[in-house]
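Asks: Here it is, the structure, as structure tokens.
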């Protein structure tokens with residue numbers, strides 16, 4: 001009796017793919033399009049969330065270094081009296097510290113998600129901060145330029161920067177939370 005022909009299965013080919021290292025942010029120098037960008041904050045207050053923005057700010061990415069500033073006097077909220085209070089020494093102290101600042105120390109990327117380690121300066125005091133967010137890769141815009149987007153958020157304890165004001169509720173609990181979310185939505189345009 002003969003042995004039946006045995007067919008041997010050929011193992012699938014192994015393919016080695018080389019993965020190019022993805023650059024965290026685009027090369028070159030990019031500046032914020034201030035019309036299509038926003039720098040703001042949100043903080044739990046009483047039964048909701050209080051939000052504000054800064055109308056005069058700047059952000060620039062150059063050689064993978066991200067830096068930004070905001071002018072305290074440009075704070076925008078729904079009540080002019082509150083805007084004045086936020087510029088007072090109880091909050092940002094605009095007269096002594098007219099500018100907020102941020103500088104990235106390290107930017108890492110996984111897919112479209114970014115993690116940025118940097119330093120935030122408020123009221124002349126700098127603290128490390130971790131920012132998380134999303135990046136939209138560069139694309140041509142309808143104005144003949146090139147731009148990309150960053151949507152970023154960071155949570156900071158405002159009391160570490162000397163922003164200690166609060167107003168107790170009847171229960172004795174503070175009306176204003178210490179944790180503030182900084183919200184930045186940037187469209188950065190490539191400089192030529």
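Asks: Does residue 122 fit the bill of being surrounded by 14 or more Cβ atoms within 10 Å (Cβ to Cβ), over 14 Å from the mean Cα position of the chain (by Cα) and either closer than 30 Å to residue 24 by Cα or free of Cβ contacts under 8 Å to residues at least 12 places away in the same chain (or both)? Walk me through how you get there before you give the answer.
Replies: Details: surrounded by 14 or more Cβ atoms within 10 Å (Cβ to Cβ): yes; over 14 Å from the mean Cα position of the chain (by Cα): yes; either closer than 30 Å to residue 24 by Cα or free of Cβ contacts under 8 Å to residues at least 12 places away in the same chain (or both): yes.
Considered against the rule, which asks whether it is surrounded by 14 or more Cβ atoms within 10 Å (Cβ to Cβ), over 14 Å from the mean Cα position of the chain (by Cα) and either closer than 30 Å to residue 24 by Cα or free of Cβ contacts under 8 Å to residues at least 12 places away in the same chain (or both), residue 122 comes out as yes.
Asks: Any idea how many residues of the stretch 39-74 are out of contact with any strand residue (DSSP E or B) (no Cβ under 8 Å at 6 or more places or on another chain) and within 18 Å of residue 121 (Cβ to Cβ)?
Replies: Looking only at that region, the number is 1.
Asks: Is one or more of the residues making up the stretch 164-171 in contact with a helix residue (DSSP H, G or I) (Cβ under 7 Å, 6 or more places away or on another chain) and either surrounded by 17 or more Cβ atoms within 10 Å (Cβ to Cβ) or not in a strand (DSSP E or B) (or both)? Lay out the reasoning, then the answer.
Replies: Taking the stretch 164-171 and keeping what is in contact with a helix residue (DSSP H, G or I) (Cβ under 7 Å, 6 or more places away or on another chain), we get none.
No, the stretch 164-171 contains no residue that is in contact with a helix residue (DSSP H, G or I) (Cβ under 7 Å, 6 or more places away or on another chain) and either surrounded by 17 or more Cβ atoms within 10 Å (Cβ to Cβ) or not in a strand (DSSP E or B) (or both).
Asks: Let me ask you something else. Please find, among 56, 63, 33, the residue that is under 16 Å from the mean Cα position of the chain (by Cα) and farther than 23 Å from residue 177 by Cβ.
Replies: Working: 56 fails: under 16 Å from the mean Cα position of the chain (by Cα); 63 fails: under 16 Å from the mean Cα position of the chain (by Cα).
On inspection, the qualifying residue turns out to be 33.
Asks: With respect to residue 114, is the statement that it is over 24 Å from residue 56 (Cα atoms), at pLDDT 95 or above and either surrounded by fewer than 19 Cβ atoms within 10 Å (Cβ to Cβ) or under 12 Å from the mean Cα position of the chain (by Cα) (or both) true? Reasoning before the result, please.
Replies: Details: over 24 Å from residue 56 (Cα atoms): yes; at pLDDT 95 or above: yes; either surrounded by fewer than 19 Cβ atoms within 10 Å (Cβ to Cβ) or under 12 Å from the mean Cα position of the chain (by Cα) (or both): yes.
Here the answer is yes, as residue 114 does meet what is asked.
Asks: How about the stretch 79-107: which of its residues are loosely packed, with under 12 Cβ neighbours inside 10 Å, free of Cβ contacts under 8 Å to residues at least 12 places away in the same chain and assigned to a loop (DSSP other than H, G, I, E, B)?
Replies: 79, 95 - these are the residues of the stretch 79-107 that are loosely packed, with under 12 Cβ neighbours inside 10 Å, free of Cβ contacts under 8 Å to residues at least 12 places away in the same chain and assigned to a loop (DSSP other than H, G, I, E, B).
The values are calculated or read from the model by the stated rules, or taken from the named source; none is laboratory data. No experiment lies behind these values; they were computed from the predicted model shown. Positions of Cβ are generated from backbone atoms using ideal geometry, with glycine treated the same way; all protein chains shown enter the neighbour counts.
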